[in-house]
Amino acid sequence: MPGGTDQTLRPFLWRATNLYSDTEIVSRNHDGMQRYTYSEYEGRTSQLANALDEYGIESGDRVGTFCWNHSRHFETYFAVPSIGAQLHTINPLLPDAHIQYIVDNADDELIFVDQSLASKLAGAVADADDEFDGVDFVVMGHEAADDLEATPYESFIEGHATDYDWPDVDEDQPAGMCYTSGTTGNPKGVEYTQQMLWSHTMASQTPQGIPMADDDVVMPVVPMFHVNAWGMPFTATAGGAKQVFPGPSPEPEDLATLIENEGVTISAGVPTVWLGLMEYCSEHDVDLSTLETVIVGGSAAPKSMVEWFDTQGVEVLHAWGMTEMAPIGSVSHLKSDLATADYDTQVEKRSKQGLVVPGLEFKVIDDDGEEIVWNGQEFGELWIRGPWVTTEYFERPEANEADFEDGWLKTGDVVTVDKDGYIKIVDREKDVIKSGGEWISSVELENAIMAHDGVAEAAVVGVPHERWQERPVAFVVPAEGADRETLVDEINELLADEYPKWWLPDEIEFIKEVPKTATGKFSKKDIREEYADQSLVEGQVPDEAAPDRN
Ligand code: AMP
């Protein structure tokens with residue numbers, strides 16, 4: 001017998017507002033700190049739902065957001081899906097051309113945008129052909145935006161009723177959407193149905209996931225435009241936890257202050273965020289005593305990070321996931337039989353990408369198409385499937401063929417699995433560069449560089465970097481007769497016209513020839529090996545060249 005209702009997000013909101021009506025939601029907004037309760041949250045979320053109805057948003061329509069982590073953004077998280085529409089979180093760090101593509105591809109009707117991001121969006125709108133035709137904008141806050149014609153959010157919801165008769169939404173109804181830029185070409189859309197988000201939340205709430213309860217204070221530093229901040233706003237609501245949103249571009253000092261003032265117990269972000277906080281703590285007296293768990297993901301957590309947080313009495317949970325799977329896939333909890341293992345063994349395990357969370361299955365396929373043995377040595381591509389793993393991209397049949405097979409998602413991550421079942425990522429099949437948790441397409445940069453007359457060939461690779469994990473370095477073969485004196489500046493100018501600052505290579509090096517594979521492709525592996533000693537260190541990269549995503 002099927003259950004009485006479908007698997008949807010609405011019951012999570014219902015539970016929090018009925019059981020924890022006085023629990024707080026705190027937000028560092030661009031216009032100051034805001035603090036209210038779940039009860040007020042529900043009132044404002046209802047007002048937003050009524051406003052969306054009046055605007056004409058209907059079931060199945062897509063509503064975009066172009067925002068950092070704050071309470072108004074959180075209001076869209078439940079209001080939009082719970083009226084049967086679809087929340088499309090847009091990554092504001094993408095190049096304009098990608099933003100134009102995804103707004104057009106998703107066919108967004110309305111976009112909520114932060115004050116601090118309005119000019120960035122306005123730039124993408126100004127350069128667009130017809131991608132933004134028919135799209136309206138609401139700017140988060142009380143005031144209008146300078147560069148963009150947009151209704152202030154507070155006027156948009158003002159005067160609307162603080163209750164809403166939430167409809168029964170089908171669990172197969174798309175509730176969320178996020179684009180992944182993990183490969184070459186245009187970003188690929190992933191749709192999350194109500195059921196996918198529900199099951200991801202329930203799996204997160206298991207002890208093997210990243211559970212959150214009513215005595216927790218949860219602060220997602222991972223952006224809410226990045227796979228729903230790893231689902232944390234939903235998981236925290238389901239558990240009735242206090243939520244703290246760190247707002248636009250939080251600096252380590254902001255995070256330290258929020259942890260101290262609000263008593264944060266669980267936070268999550270990419271390694272860059274935690275390296276920043278660690279550095280800040282080494283120079284300032286910060287009280288981390290309430291912090292129990294730090295979830296690190298998006299890129300590999302260095303062992304030293306796990307160890308440092310141990311010295312502070314904070315457990316690092318290293319998590320692996322993907323946009324394609326809403327996103328949590330594995331978490332590095334220590335198995336109970338490892339509780340008596342020596343500290344080094346434990347840290348070794350905890351630094352891996354971890355144990356698959358309940359509800360998912362995986363297999364690892366080697367070059368011969370065979371499943372590997374779980375011995376920590378053999379490696380292959382990780383394939384995964386389960387209720388919150390997508391089985392297709394939005395309107396991208398050619399990408400589907402490459403990335404999915406018989407219901408499995410072929411992750412592109414090359415992994416080993418040890419005898420205890422711990423997954424460890426050893427490489428990425430694709431050569432994208434991941435800087436501070438954000439993707440940079442090496443192929444796009446190469447093509448842009450090779451468009452210069454003075455360039456014969458160019459290969460861009462990710463070089464390890466202390467703070468940002470990876471930064472792009474371009475290896476360029478100058479064309480005959482090219483003026484080497486001016487070439488680097490010209491390439492930089494060319495790239496700066498088209499890409500955000502943080503995409504620009506930290507270095508452009510001249511080489512004689514790009515090493516090739518047997519099939520004539522650029523051998524990034526060889527380049528990386530040859531230049532492995534070039535690890536970039538903090539200070540070499542101007543901060544403004546790095547993604548503004550702390
Ligand atoms: P995204 O879809 O942008 O979240 O990126 C997903 C990809 O990020 C994965 O396929 C991995 O290559 C990488 N990734 C995510 N989590 C980790 C992690 N804990 N360690 C290493 N790489 C990771």
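Does D366 count as without any contact (Cβ under 8 Å) to a residue 40 or more places away in the chain and either surrounded by 20 or more Cβ atoms within 10 Å (Cβ to Cβ) or within 25 Å of K525 (Cα to Cα) (or both)? The answer is yes for D366. Out of curiosity, is R467 in a loop (DSSP other than H, G, I, E, B), closer than 23 Å to G436 by Cα and not acidic (D, E)? Yes; evaluated as a whole, the condition is true for this residue.
Inspect all residues belonging to the range 179-196 and state whether any of them is touching a residue at least 40 places away in the same chain (Cβ under 8 Å), more than 22 Å from the chain's Cα centre (by Cα) and surrounded by fewer than 19 Cβ atoms within 10 Å (Cβ to Cβ). No, every residue in the range 179-196 fails to be touching a residue at least 40 places away in the same chain (Cβ under 8 Å), more than 22 Å from the chain's Cα centre (by Cα) and surrounded by fewer than 19 Cβ atoms within 10 Å (Cβ to Cβ).
The single condition among (1) under 23 Å from E251 (Cβ atoms); (2) within 13 Å of the ligand (Cβ to nearest atom); (3) of a type in the set (A, V, I, L, M) that I328 does not meet is (1).
Can you go through R467, R396 and tell me which one is away from the ligand (no atom under 11 Å from the Cβ), of a type in the set (K, R) and over 29 Å from Y101 (Cα atoms)? Exactly one residue qualifies, and that residue is R467. Among residues of the range 320-347 that are part of a loop (DSSP other than H, G, I, E, B), those with a beta-carbon under 8 Å from a residue that is more than 10 Å from the ligand (Cβ to nearest atom) and charged (D, E, K, R) at least six positions away or on a different chain give the pairs S332/K349; S332/R350; L334/K349; L334/R350; K335/K349; K335/D420; A341/K349.
Evaluation of L93 against the conditions (1) at pLDDT below 95; (2) out of contact with any Asp or Glu (no Cβ under 7 Å at 6 or more places or on another chain); (3) buried (at least 20 other Cβ atoms within 10 Å of the Cβ); (4) of a type outside the set (D, E, K, R) shows that the sole unmet condition is (2). Among all residues of the range 299-314, there is none that is within 8 Å of the ligand (Cβ to nearest atom) and assigned to a strand (DSSP E or B). Flag not set for K424, criterion: surrounded by 17 or more Cβ atoms within 10 Å (Cβ to Cβ), within 11 Å of the ligand (Cβ to nearest atom) and assigned to a loop (DSSP other than H, G, I, E, B).
Just a yes or no: is a residue in the range 369-379 within 15 Å of the ligand (Cβ to nearest atom), in contact (Cβ under 8 Å) with a residue 24 or more places away in the chain and in a loop (DSSP other than H, G, I, E, B)? Checked the range 369-379: at least one residue is within 15 Å of the ligand (Cβ to nearest atom), in contact (Cβ under 8 Å) with a residue 24 or more places away in the chain and in a loop (DSSP other than H, G, I, E, B). Of the residues contained in the range 394-416, one or more are found to be buried (at least 22 other Cβ atoms within 10 Å of the Cβ) and either hydroxyl-bearing (S, T, Y) or modelled with pLDDT of 95 or more (or both).
Residues are listed down the side, and each one gets a yes or a no for (1) at negative phi; (2) surrounded by fewer than 19 Cβ atoms within 10 Å (Cβ to Cβ):
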site: T206; (1), (2): yes, yes
site: V222; (1), (2): yes, no
site: G263; (1), (2): no, yes
site: M278; (1), (2): yes, yes
site: C281; (1), (2): yes, yes
site: T290; (1), (2): yes, yes
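Here the strands (runs of 3 or more DSSP E) wholly within the range 1-90 that include at least 1 residues being of a type in the set (G, A, S), surrounded by fewer than 18 Cβ atoms within 10 Å (Cβ to Cβ) and out of contact with any Ser or Thr (no Cβ under 6 Å at 6 or more places or on another chain) are 32-37.
Here the condition is being more than 11 Å from the ligand (Cβ to nearest atom), in contact with a strand residue (DSSP E or B) (Cβ under 6 Å, 6 or more places away or on another chain) and outside any strand (DSSP E or B); of V389, V460, V443, it holds for V389 alone. Would you call E253 within 16 Å of S71 (Cα to Cα) and either modelled with pLDDT of 95 or more or surrounded by 19 or more Cβ atoms within 10 Å (Cβ to Cβ) (or both)? So E253 does not fit the description; no. Quick check on my filter: what residues within the range 155-200 are in contact with a Leu (Cβ under 8 Å, 6 or more places away or on another chain) and of a type in the set (S, T, N, Q)? Correct list: S181, Q194.
The residue list R467, R484 contains one member that is charged (D, E, K, R) and within 24 Å of V273 (Cβ to Cβ), which is R467.
Using the structure shown, decide if E109 is touching a residue at least 24 places away in the same chain (Cβ under 8 Å) and either over 17 Å from G64 (Cβ atoms) or in contact with a His (Cβ under 9 Å, 6 or more places away or on another chain) (or both). No: the conditions fail for E109. Any residue in the range 58-73 that is within 25 Å of Q34 (Cα to Cα) and of a type in the set (F, W, Y)? There is at least one residue in the range 58-73 that is within 25 Å of Q34 (Cα to Cα) and of a type in the set (F, W, Y). A search for C-beta distances below 9 Å between a residue of the range 291-302 that is under 12 Å from M278 (Cβ atoms) and hydrophobic (A, V, I, L, M, F, W, C) and any residue that is at pLDDT 95 or above and more than 13 Å from the ligand (Cβ to nearest atom), counting only pairs 6+ apart in sequence or on different chains, returns V294/I266; V294/S267; V294/L277; V294/F309; V294/V314; V294/E315; V296/F309.
Out of the residues in the range 143-169 meeting the condition of being assigned to a loop (DSSP other than H, G, I, E, B) and among the small types (G, A, S), tell me which one is farthest from D133 (Cα to Cα). Out of the qualifying residues, it is A161. Among the residues of the range 273-298, those that are within 16 Å of the ligand (Cβ to nearest atom) and small (G, A, S) comprise G297, G298.
The values are calculated or read from the model by the stated rules, or taken from the named source; none is laboratory data. Quick caveat, the model's predicted, so the values are computed rather than measured. Here Cβ is always computed from backbone atoms with ideal geometry, including for glycine, and neighbour counts include all displayed protein chains.
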